[in-house]
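The values are calculated or read from the model by the stated rules, or taken from the named source; none is laboratory data. Nothing here was measured: the structure is a model prediction, and the numbers come from that model. To get the accessible areas, we keep the full protein, side chains included, count just its heavy atoms, and leave off ligands, DNA and RNA. Shrake-Rupley method; radii C 1.70, N 1.55, O 1.52, S 1.80 Å.
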Amino acid sequence: MRALITLLLCLACTSARAQEAQPNGPGPEPVDRTRLDVDRLPPEALPPRRALFHSGWFVEGQLGGTTFAGDARAASRGGPRFAIAAGYELARWFAVLLQLEGSQHQTRNRPPPAHTSFELVLASAGARFTLPIRERHALFATALVGVAFATRDVLRGLAFLDAHKPGLGYGGELGYDFHLPSRHHSLGLLTGARQLPGLQRDGFTLALHTAVYLRYVF
């Protein structure tokens with residue numbers, strides 16, 4: 001009986017010493033470096049790194065405007081532009097993409113014929129080169145080549161005889177990309193120019209566009 005009492009006293013002393021050795025309250029939680037969007041961690045616990053952002057398949061929506069330089073400028077006003085692009089990032093600095101875009105314009109000739117509107121459609125394939133400048137900031141350049149045409153035969157009366165026929169369109173874009181805290185989203189600004197041989201009359205025609213965009217990477 002005396003031995004049992006002695007054993008119980010020893011166990012009680014050992015438990016009390018273990019509780020005194022433990023700090024009061026929960027200890028510091030280690031940083032989870034596999035997560036970017038953990039709300040319970042302070043912002044300085046996990047600085048953004050490009051390696052944490054998703055890469056691979058992406059889709060991009062653009063909204064802006066298009067105007068003309070050269071022959072088509074005297075016959076057409078600038079107008080709103082919408083584009084959608086989809087592609088795949090083969091590396092952090094290189095991607096391939098397909099882009100479909102359209103813009104609406106009104107003629108500004110001296111009647112007759114009367115003023116009317118038309119749509120310019122371009123379908124292009126391209127290659128994009130990206131240069132990261134900080135964790136969330138990057139610059140990029142895109143080379144594009146494809147097909148362009150006007151949807152209505154309204155420019156024919158203004159001596160643009162081939163504007164309604166599918167023709168070559170080639171050029172490029174320069175842009176700035178800002179990656180949001182989410183792994184999937186980024187937004188930015190871009191501007192570009194496209195040479196359109198089908199819309200030239202005596203010299204050349206350039207389609208100039210500027211847009212804002214939102215990109216989602218799967």
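Tabulated data
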read-out: The range 48-204 shape via C-alpha gyration tensor axes, a/c threshold 1.5; value: prolate
read-out: The range 89-147, accessible area per residue, ligands and nucleic acids excluded (1.4 Å, Å²); value: 54 Å²
read-out: Mean Cα-pair separation over length for the range 46-137, i.e. relative contact order, pairs under 8 Å, 6 or more apart, %; value: 26 percent
read-out: For GLN200, distant residues with modelled amide H under 5 Å away; value: none
read-out: ³J(HN,Hα) computed for each position of the range 93-109 - Karplus, 6.51 cos²θ - 1.76 cosθ + 1.60, integer Hz, glycine/proline x; value: 10, 9, 9, 10, 7, 10, 9, 10, 9, x, 9, 10, 9, 10, 5, 10, 7
read-out: Part-to-part distance (alpha-carbon centres) for the range 184-218 and the range 47-122, which is given in Å; value: 4 Å
read-out: In Hz, Karplus ³J(HN,Hα) per residue of the range 169-186 (6.51, -1.76, 1.60; θ = phi - 60°; x = Gly, Pro); value: x, 8, x, x, 9, 10, x, 10, 10, 10, 8, 6, x, 5, 5, 9, 10, 8
read-out: The range 161-205 - percent of accessible surface contributed by carbon and sulfur, probe 1.4 Å; value: 66 percent
read-out: Average accessible surface area per residue within the range 165-216, 1.4 Å rolling probe, Å²; value: 47 Å²
